[in-house]
Every structure is written in C-alpha cells, then in structure tokens.
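Worksheet for the structure shown next.
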C-alpha cells in the first residue's frame, strides 16, 4: 500500500521567509503527486500537481514543488511567504491506474506578519 | 462555477443512530470519492464511484458504512448504528475521471455523542 509522510506538522515563519515543506512517499510504481492547501474555513484546493515531464512544477500563488524520483520526495517550496499563506498543506499521491488519493497528515503553516 | 456541495455541514447524532450524508458533485464529473478525515490527520479514502458504479469500497471501515450513487450524480454516504469513533469530517471529491485532479467539497463534520 502507498503511504505519504510529511515531516513537519507545524511550521511557523515570518513574512518574507522562505518555505520548504517535506513530503516523502512509498510506492514502487509510477505515481501522480499533488499538493493541496486548506485555508481556514475553506475546502481543500489544488495547489499544484505532477504527472510526468519536468520534475519542477509551478503552481498557484508562487508555489513550486520538485519531484526527486530517487528520493521518493515531492517537496513544496516558496521563496517568500506571505501572511495569507497561513493554511494547512497536504501532500497526496495516487497511482495513475487508481483514482484514490493517499494523503499525508498535513502541515500547518503559520505566517506572522 | 458551482463546486462540490455537501450537506449537512454539521451533523450531531447520538450513538446508535443512523446518519446520511449527501454529496452533489460538479456537473459532468464522472468520478466521485468519499474520504474520512479524523482530527489532526489527512483524509483517508473510503470509496470511489465512476458514474453509478462503485468501483472501490475497500476503504469503508465496516459494514455499517454504505455509499450509493444511483443515477451517477448525487451520492449518499450512510452510516448505520453510529459509534463514537465515526466522529470525523467526511469529504466528498469529484473529478472528470482518469488522471484529472479531484475537487473537494467543504465536508460534513459528524459528531457522535
């Protein structure tokens, strides 16, 4: 079975600091990779996705993620965070032949103005 | 446009009661997923429909859980003889199918007293 690990449960940063959230998965085959974000009081929204091709993918609001196949990782980055980035971030994977997503437990990001 | 709609947003029930949670997916989305999210955890897969066919129900935790999507649109997740451990947020997601990303509803927060 697939599993997803998010190493940081709670990250606290000041505005303009750089962000990197770790995500590792366990699965031997081809995977699709996702980062979802949940702002306070809102539903899960897709931040970015990787299916194939360039391992560096860019998403909305200045976020990017890099797929490193040899490390089974898909870390999320942003060069300069804003107060409005305060939210919970979930890494998720699925196999292309299966629709179900496997989620990490999430990382709560708090950005102080 | 309209997103995934779930009702009710909150449900409180006494242990032993039956509950029914509704999901109205995005129009035209053939795939529909149910997830359960316990406090402090990421969403966990329950079941998956493609149109009206339930293709995967391996995540349903017990035979007290039942889901249906009789006309390939609206879906209902039913929990019979609720237990305290059923308390969670139940998320519904829909997609166009294949590898298309899943769009999530706001969820139903179920509390069993």
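Each reported figure results from applying straightforward, stated rules to the coordinates on display, with no laboratory input. Keep in mind that this is a model prediction, so the values were computed, not measured. Heads up, the Cβs are rebuilt from the backbone with ideal geometry, glycines too, and the neighbour counts pull from every protein chain shown.
The table that follows gives values for the structure above.
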{"item": "Lone qualifier among B:59, B:3, B:28, B:40 - being away from every other protein chain (no Cβ under 13 Å) and not in a strand (DSSP E or B)", "result": "B:28"}
{"item": "Residues of the stretch A:31-41 satisfying the condition of being buried (at least 16 other Cβ atoms within 10 Å of the Cβ) and assigned to a loop (DSSP other than H, G, I, E, B)", "result": "A:31"}
{"item": "1 or more residues in contact (Cβ under 8 Å) with a residue 60 or more places away in the chain and away from chain A (no Cβ under 13 Å): qualifying strands (runs of 3 or more DSSP E) within the stretch B:68-113", "result": "B:75-79, B:108-112"}
{"item": "Flag if residue B:36 is in contact with a helix residue (DSSP H, G or I) (Cβ under 9 Å, 6 or more places away or on another chain), crowded, with 19+ Cβ neighbours inside 10 Å, touching a residue at least 24 places away in the same chain (Cβ under 8 Å) and closer than 21 Å to residue A:46 by Cβ", "result": "yes"}
{"item": "Test: residue in the stretch A:42-60 that is away from chain B (no Cβ under 14 Å), surrounded by 11 or more Cβ atoms within 10 Å (Cβ to Cβ) and touching a helix residue (DSSP H, G or I) at 6+ places or on another chain (Cβ under 7 Å)", "result": "no"}
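A quick yes/no check of all residues on (1) within 14 Å of another protein chain (Cβ to nearest Cβ); (2) over 13 Å from the mean Cα position of the chain (by Cα); (3) within 27 Å of residue A:30 (Cβ to Cβ); (4) assigned to a loop (DSSP other than H, G, I, E, B):
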site	(1), (2), (3), (4)
A:66	no, no, yes, no
A:75	no, no, yes, no
A:105	yes, no, yes, yes
A:110	no, yes, no, no
